[in-house]
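Single-structure report; data block below.
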Amino acid sequence: MTRPSDLSKTLAGDPAMAKARAPRPKPPQASTRRLLDFGGLGIAVLAYVGVDLSPAWHDRLQPALWAALALAAAARAPFYRHLSAELRAALPFLGSIAFMLAAFLCEAISVRFVSAVMGLQWHRSAAPLPDTGQWLLLSLNEKLPQSIVNLLSSFLFDCIKAPGLGIATRYMFTMAIGRFLWTITFIATILPSARPWCAAARYQIPQHPHPWAQKYYVPYASDSNAIRRVITHDMAYAAVQAYPDEYRPDWGRMSFLVDILRPIPGEGPSWYHLLKKASGGCNDLMYSGHMLVAVLTAMAWTEAYGGWISVAIWLLVLHSAQREIRERHHYSVDCIVAIYVGVLLWRMTGFIWGLLKDVELAGQEKQGFSQRAILAFAAGTIIFTLSCVLIAFTMTSDG
């Protein structure tokens, strides 16, 4: 029989048993945690999405909100308690940024291509597609009170499990995949815009179609017999019409983009200048890129935080969807597809992240960082955050 003194010695010599007997720190009360979520990043996210309810609010408040969030993150970074965990996740985070930037470049080139290949004359004459979702919203306008119609028409804080860069990496990785899939989808079939006046107001592109479109599309577009003949013979037979020669600037190694972007002399000598002004395009881009961003943001927030603020964020997502349809930025099908594509993509990357989790945890337990490296990482985080905000304001000021 073991005596009490022997038992105490055994426990003292066994760190695991002693740790099990040690009093555990009490978790923060649920009310306190909810208060932190509400008073911290929750309000920031609601404010960020909420400024979109009114175009006037958006133009005035979004730059100020961006600046406030950047300064708040920079001020909190030196006192963040999980910097070592964030440092381990920094390289995958930077890799996901590079992947997402590559997706954005491919997207910008493709947006310009689908807007320019048919020429301005096609944009003016192509009829928008029938959209039953918009018809439904317009019919509701006739039945709902005017106040509701006006509402529908206008309209690093230590509360997430470390590392925060982990979920940020997954968010940007998922975003990059979604944007690549989006680009492949809208470039495969060029759909007419829900706003026929958009291209003439936004772009300086040739009036006539590209010779490629003249040969394979224009002669057969309005003649059912011509379409039948192309299908029967499986070969294009029309000749390219005598339009003015395409303008060909000297872009050096990027000259292969001339036929894709179709510049004109008045747009400047730089291919990058054209991409900066892509501004979302003017064709219908199946599916909605704006809704994809909104859905992925809502999915990330719901997984990281949950709670009642997630419900509010999803309501704002639905509000944004009906505004996209009501204001003819997108057809109804674009918003519907973007919602389920965003949900499915987030679930898919969650499955991949789950498979890698054990490997990541094993590597993290063996890796340590000096205090100097952690402080350097905190300083780099501050500089990186503020630089991103300044670059966003500077390089997107002209569209």
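The values are calculated or read from the model by the stated rules, or taken from the named source; none is laboratory data. Everything quoted here is computed from the prediction, not taken from an experiment. Note that each Cβ is placed from the backbone with ideal geometry, even for glycine, and that neighbours are counted across all protein chains shown.
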In region 247-293, the residues that are in contact with a Leu (Cβ under 9 Å, 6 or more places away or on another chain) and of a type in the set (A, V, I, L, M): Leu257, Leu261, Leu274, Leu275, Leu285, Met286, Leu292
Matching option when the condition is farther than 20 Å from Gly178 by Cβ and buried (at least 17 other Cβ atoms within 10 Å of the Cβ), among Arg262, Arg328: Arg262
Complete set of residues in region 205-222 that are at pLDDT 85 or above and in a loop (DSSP other than H, G, I, E, B): Ile205, Pro206, Gln207, His208, Pro209, His210, Tyr217
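So which helices (runs of 4 or more DSSP H) stay within region 238-351 end to end and still have 3 or more residues that are assigned by the TED database to the domain that holds Thr132, touching a helix residue (DSSP H, G or I) at 6+ places or on another chain (Cβ under 7 Å) and over 28 Å from Gln204 (Cα atoms)?
Filter on region 238-351 gives 289-304, 308-326.
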Test: residue in region 186-200 that is on the phi < 0 side of the Ramachandran plot, assigned to a helix (DSSP H, G or I) and charged (D, E, K, R): no
Failed item, numbered, when Leu138 is tested on (1) assigned by the TED database to the domain that holds Ile339; (2) touching a Pro at 6+ places or on another chain (Cβ under 9 Å); (3) of a type in the set (A, V, I, L, M, F, W, C); (4) at pLDDT below 85: (2)
Among residues of region 237-252, those that are surrounded by 14 or more Cβ atoms within 10 Å (Cβ to Cβ) and of a type in the set (A, V, I, L, M), counted: 2
Every residue from region 231-264 that is touching a Phe, Trp or Tyr at 6+ places or on another chain (Cβ under 6 Å) and modelled with pLDDT under 85: Ala236
For Leu191: the one exception among (1) out of contact with any strand residue (DSSP E or B) (no Cβ under 9 Å at 6 or more places or on another chain); (2) surrounded by 15 or more Cβ atoms within 10 Å (Cβ to Cβ): (1)
